[in-house]
1. Return the only residue of 326, 266, 306 being of a type in the set (Asp, Glu), touching a Pro at 6+ places or on another chain (Cβ under 6 Å) and crowded, with 22+ Cβ neighbours inside 10 Å.
2. From the list 260, 270, which one is under 24 Å from the mean Cα position of the chain (by Cα) and outside the structural domain of residue 154 (by TED's automatic domain parsing)?
3. Anything in the stretch 1-36 that is more than 15 Å from residue 72 (Cα to Cα) and part of a loop (DSSP other than H, G, I, E, B)? List them, or say none.
4. Out of the residues in the stretch 12-22 that are crowded, with 17+ Cβ neighbours inside 10 Å and either of a type outside the set (Asp, Glu) or assigned by TED's automatic domain parsing to the domain that holds residue 558 (or both), which is nearest to the chain's Cα centre (by Cα)?
5. Out of the residues in the stretch 161-192 that are within 16 Å of residue 124 (Cα to Cα), free of Cβ contacts under 8 Å to residues at least 60 places away in the same chain and within 36 Å of the chain's Cα centre (by Cα), which is surrounded by the most Cβ atoms within 10 Å (Cβ to Cβ)?
6. Taking into account only those residues within the stretch 114-132 that are more than 16 Å from residue 230 (Cβ to Cβ) and of a type in the set (A, V, I, L, M, F, W, C), which is nearest to the chain's Cα centre (by Cα)?
7. Among 137, 116, which is farther than 29 Å from residue 342 by Cα, crowded, with 16+ Cβ neighbours inside 10 Å and β-branched (Val, Ile, Thr)?
8. For the list (1) under 34 Å from the mean Cα position of the chain (by Cα); (2) more than 20 Å from residue 282 (Cα to Cα); (3) of a type in the set (Asp, Glu), I need the number of the one condition that residue 221 fails.
Amino acid sequence: MISQETIDAIFQSAHIEEVVEDYVQLTKRGVNLKGLCPFHDDKTPSFTVSPTRNIYKCFGCGKGGNSVNFLMEHEGLSYPEALRSLARKYNIPIEETQVPEEYEQERQERDSLFLINEFAKEFYKKQLFETDLGKSIGLSYFKDRGLLYKTLEAFGLGFAPGSRDAFTKNAIEAGYNIEFLRKLGLTTDKDRDFFYNRVIFPIHNIAGKVVAFAGRHLTSDKKSPKYINSKESEIYHKSRVLYGLHLAKSAIRKEEHCLLVEGYTDVISLHQSGVQHVVASSGTALTADQVKLIKRYTTKIKILYDGDPAGIKAAMRGIDLILEQDMNVELVLFPQGEDPDSFIKSVGVTAFKEYLDKESQDFILFKTNLILSEAGNDPMKKAGLIKDIIESLAHIPDTIKRSVYTRQCSELLKVDEHILVTETNKVMSKRLRDSRINKLRESRYEHDEQSRVLERDSFEATQSTAKKEDPGASDEYQERDIIRVLILYGDRPMQDGEQETSIGKYILSNIQEAISAFDNKLYARIATEYGLALADGKILDTNYFTQHPDPDVSALAIEFCASPYEYSDNWQKMWDIRLQTQPMPDENEQQDSMQALNRFFLRKYKKMSATNLEQIKAFQESGDTDSLLKHLQVQNMLIEKRNEIANKLNTVIL
C-alpha cells in the first residue's frame, strides 16, 4: 500500500489543470477553466476545473473529483494505479507499506501486461536494428519510405523475425508469464508467435504506453493479410485508440484542428515532415469513441484520404459520426494515385499545407458536388443520393448549423428547402422513435426482474410504505448545511465571545450531543471524524475532504466546492460596486456558519416541541397530572428557545 506521506506529496504536486489538459481542451473563464466534458456527450462546455480548489466538476453529468478521481474515471484505473500514474508524471518516489493481496494481484497483472508490451517493443526494435534479416528487410523498407532514425525511435518501430517462436522463447526466458503473452495476443494458443516476418508498428494509448501492435507483411503473398493487429485485451480496445494521438495531442491544440488519415505510415511521414497534428483510426473504421477522443482537443477535423473510390468511400463513412458530436468536418482528397505520405514527399511541406488550405471542402459542399458528378442527368440516381445527404443533415444536433447547411444544400442541388427540411425532420423523428424503442427493449428485462421482486416482496413493501415517516420530518437538509460549513470553513478562525477559536471547533462544540441523532449516516460519520480529529489537535481543511479516500466523502466535498455560478468581479473592476450589506461571498463564512447552526437548532427544537406535544396529549388522556405539568413546563422552554432562534434568523413561526 502506498504510504500516506507519498499520497500527500502526490496531492500537493498534482495540479488538476495540468492533469486534465492532457485530455481536455480548456479555456479560461474567470478564476476557473472550462471545457467539454470527457465523461458524457457534451454539446456546450459544462466541465469546470477549479485550480484554486484543485478539483473538477461537470454540471452536465454531475461527475467531479480531484486529479486521482479524474484518472480513475477517465482511464479506468484503480485508486493505487492513479496515484502511481501521477507519481510518475511528477517524479515522486513511491514509498509502500503492505497491500491487500487482491489489490496487489490486480495491479501486478495490469502492470505485467504493460511491461510485456514494452518488452515486445524493445525485442522488435532490436530485431530491426541489430539482426541481418531485420536490417535487410525491415530497415530497408522504412528507409525506402524516407523515414529517419529519430522517427523510427519516436514511434518505436520494429521488425518481427521469420521464426515462429523467436519472441515467445525470448519472453519466457526473460521470466514473462505465458498466459499473459496469450492474453495480449502476442503468442497464439499453440505457443507460436502471432507476429512473424513483418515490420511492427507499436500502438500507444493517450498516455504513451504501448497497448498493442500492428504488423505489415512485406511479401507478395496475397493469401496473407497486409496488416494484422493485436487482439483486444484488458489494456487495449481498438475502438477507443487513435494511432499517434500521444504524440499529436499538443499539436492538435496548437493548430486548433486535427488531421485524420487512413494509415500508420501516413501519420509517421507527416509527423516527420513537421505536420504533427495528425492521427489515424488504428486499423479500424472510425468509431464514435475515437471521434470523442479528438473532441477533447479540438472541435474541427480534416479528413485526408486517397482520391480513389475506396478512399472517398472511407472518408464518407466517418462524416456522420463526426457530425453527431457537433464537430466541424472538412475533407481533402488527393490526386488519383496519391496518399498523404506520397503527396507530401512529392510536393514538399509548404506545398502540402497550401494544398490542404486550398482543397479543404466543407462536408456539405463535398457531398453535393459528389452527387452532381455521380448522378449526371439520371433523376433516380440523384434522388437516391439526395436521400444520403439528408441522412447526414439529420445527424447534426445543432438546429442553427443544420438550418444553414440545409439552405446551402438546397441552393447547390436546386431542391426546395422546405422539402429538405421536411425529409430531414422525418429521418430525425424516426431515429428518435427507434432510439426510444431500443431503450424500452433494453429496460424490459430489468423491468421484468424488478416486477418479480416486487411481487415476491409485496407484503413487506406494503407494510414498509405504511410505516414510512413524513419526509418533512427529516432534518437532512439542516444536517447537510452543517457539514457544508465544516468542510468549506471548518479551519477558518472565529471569535467566540472574547476567545478566538475555529469555525470547526465552534460548530462541533454546539452539536456534539446531537451527532448520534443525525438522520443522514454519511453526515454523522463526517461530523464524528471531524470531532475525533479535533480531539487529536488536528484542524481539517477542505483539501482533506476533497482528497478523502472514501469516494462518498470526497464526492460530497467536491459538490460543496463546485458551483455553476460565479460572483463576477466585473462589478468591482468595471463599475466599482461592492456588496453593501454583507461581505463578499468568500469572506462571509462566520455569518454563514452561525445561520447554518441556527437553522439546525431551529429544526431540532421544532421536532422536540412536536414530540413533546404528543406526550402532553397522551398524559391528558390518561389523567397523569404530574407528568402533564412537567411536560407543559418543558414545552414552554422549547417554545422560548425556538422563538429565540427564529428571531435571530428573522423567521416567522406560525
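The values are calculated or read from the model by the stated rules, or taken from the named source; none is laboratory data. Given the structure is predicted, the values throughout are model-derived calculations rather than measurements. In this analysis, Cβ positions are derived from the backbone assuming ideal geometry, glycine residues included, and neighbour counts consider all displayed protein chains.
1. Numbers: 326 fails: crowded, with 22+ Cβ neighbours inside 10 Å; 306 fails: touching a Pro at 6+ places or on another chain (Cβ under 6 Å).
One residue alone meets the criteria, 266.
2. On the way: 270 fails: under 24 Å from the mean Cα position of the chain (by Cα).
Exactly one residue qualifies, and that residue is 260.
3. 1, 3, 15, 21, 24, 25, 26, 30, 31, 36
4. 20
5. 187
6. 128
7. Values: 137 fails: farther than 29 Å from residue 342 by Cα.
Going through 137, 116 in turn, the sole match is 116.
8. (1)
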